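Some notes on the structure that comes next.
The values are calculated or read from the model by the stated rules, or taken from the named source; none is laboratory data. Everything numeric here is computed off the predicted structure, so don't read it as measured data. Please note: Cβ atoms are built from the backbone with ideal geometry, for glycine as well, and neighbour counts cover all protein chains shown. Areas reflect the complete protein model, heavy atoms only, side chains present, ligands, DNA and RNA absent. Shrake-Rupley method; radii C 1.70, N 1.55, O 1.52, S 1.80 Å.
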Amino acid sequence: MTKETGEPKFSTKTSPKAEPALLELFTDGIKDIYWAENHLVKTLPKMQKAATSNTLVAAIESHLEETKTHVSRLEQVFELLGEKVQAQKCDAMEGLAKEGEGIIESTEPGTATRDVGIILASQKVEHYEIATYGGLTQLAKTLGLDEVAELLYQSLTEEKAADQKLTDIAESDINYQAADEQ
């Protein structure tokens, strides 16, 4: 970022002088999403247990397995960066998980309404992950970390697919069932 005429200018390539700061920001982002993914490994089984729809239960189970793969990929990223594997608390994911728990606590067990709430909470998580993996993929490319960018892009693609699957489940059945509940 340079200043001419008082306005910041951004470029997609960093100067050698700026790269260490950008690399530090990038590494912090990796630590943050690593914590978030590990937190999801603990949280998703609770969501799965609370869900009623067999389709939703299966989707959560599938995404749990993908999430474990994301954790492994991030460990590969740490290795490629020459960094020790380290989590940094992700306040955003902690908040999203608490919101999901609140939805479960405030809805009636066995209802489509609870399933809709689980889908809404899950999609908020997916959108956070999509934003994070999208931004980190771009930063990796900017930093010339092409192998890292590819690993992050794989997770980004899976997060987008999980979000679409949740939309499809909601639109195909669950939302309509919930609309008929008293």
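Key figures
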{"read-out": "Equivalent ellipsoid dimensions for the stretch 17-105 as semi-axes, Å, which come from the Cα gyration tensor, largest first", "value": "30, 15, 8"}
{"read-out": "Value of [θ]222 nm, deg cm²/dmol, for the chain, DSSP H segments ≥ 4, -39500 (n - 2.57) each, nearest 500", "value": "-26500 deg cm²/dmol"}
{"read-out": "Label-to-label distance, nm, for residues given as residue 28 and residue 75 (7 Å Cα→Cβ offset)", "value": "2.6 nm"}
{"read-out": "Note, ³J(HN,Hα) from phi for the stretch 157-170, Karplus 6.51, -1.76, 1.60, rounded to Hz, x at Gly and Pro", "value": "4, 5, 5, 5, 5, 5, 4, 5, 4, 5, 4, 4, 4, 4"}
{"read-out": "Karplus (6.51, -1.76, 1.60) ³J(HN,Hα), θ = phi - 60°, over the stretch 47-56, in Hz, Gly and Pro reported as x", "value": "5, 4, 5, 7, 6, 9, 4, 4, 5, 5"}
{"read-out": "Flagged links, alpha-carbon separation over 29 Å, of 31/124; 49/141; 84/165", "value": "49/141; 84/165"}
{"read-out": "The stretch 119-182 - accessible surface per residue (Å², probe 1.4 Å)", "value": "52 Å²"}
{"read-out": "Extension reserve of the residue 146-residue 171 stretch, reckoned as 0.36 nm per residue once the Cα distance is removed", "value": "5.3 nm"}
{"read-out": "Potential lengthening between residue 84 and residue 101 on full extension [0.36 nm per residue; Cα-Cα distance subtracted]", "value": "2.9 nm"}
{"read-out": "Residue 165 accessible area, assembled protein chains, probe 1.4 Å, Å²", "value": "90 Å²"}
{"read-out": "In sequence order, calculated HN-Hα J values of the stretch 110-126 (Karplus, 6.51, -1.76, 1.60; Hz; x Gly/Pro)", "value": "x, 9, 5, 4, 4, 4, 4, x, 5, 5, 4, 5, 5, 5, 4, 4, 4"}
{"read-out": "Environment charge at residue 77 (Cβ cut-off 11 Å; Lys +1, Arg +1, Asp -1, Glu -1)", "value": "-3"}
{"read-out": "Spatially proximal aspartates and glutamates relative to residue 42 (Cα-Cα < 13 Å; intrachain offsets below 8 disregarded)", "value": "61, 65, 94, 101"}
{"read-out": "Whole-Å distance, taken between Cα centres, linking the stretch 54-86 and the stretch 87-129", "value": "18 Å"}
